[in-house]
Each structure stands twice: as C-alpha cells, then as structure tokens.
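The values are calculated or read from the model by the stated rules, or taken from the named source; none is laboratory data. Keep in mind that what you see is a predicted model, and the values were worked out from it rather than measured. Note that each Cβ is placed from the backbone with ideal geometry, even for glycine, and that neighbours are counted across all protein chains shown. Side chains are part of the model used for accessible areas, which takes the heavy atoms of the whole protein and leaves out ligands, DNA and RNA. Shrake-Rupley method; radii C 1.70, N 1.55, O 1.52, S 1.80 Å.
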Amino acid sequence: PRVELAWAMKAHQHAQVHFNLISSVDPKFLSLTKVDERIYEEFRESFPELRVDLLDPEELKSEPAK
C-alpha cells in the first residue's frame, strides 16, 4: 500500500505540473504534438459545423450527431 500511495502522489504531482504548463499558454500557441495541425484539419473535415466552444452533451447524444 505504501508503494502504491507514493506512486499515486508522484503521479498527481506530475499531473499538476503538466496542467499548470498547459494552462499558462494561450491555446492558440499551444502545440502538444508534431501533428496537431493535421489532427485539427481531419477533425474539421469530419465535423465542419461543430462549435467546440459551446458543446452541449444532449446535442452530441442526438440521433443526427451519432
């Protein structure tokens, strides 16, 4: 149990550091992988009208959304 607790605490610390780094950068300038642009292009090809700034869970569950 002590090893598992120590691992969980260390994982939490790492997650906090990563979250703080990601949160400190304007999303327009944030690049997480080398293929971010390609991922976004393909996402927009599949979902050209989807507004990611206002996601409605009920709308995503609708029959047309599926």
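List the residue pairs whose Cβ atoms are under 7 Å apart, where the first residue sits in the range 22-48 and is assigned to a helix (DSSP H, G or I), the second is at pLDDT below 90, and the two are 6 or more positions apart or on different chains.
Final answer for the pair search is ILE22/LEU30.
Return yes or no: is GLU37 open to solvent by 100 Å² or more (accessible area, probe 1.4 Å) and not β-branched (Val, Ile, Thr)?
Taking the combined requirement at face value, the residue satisfies it.
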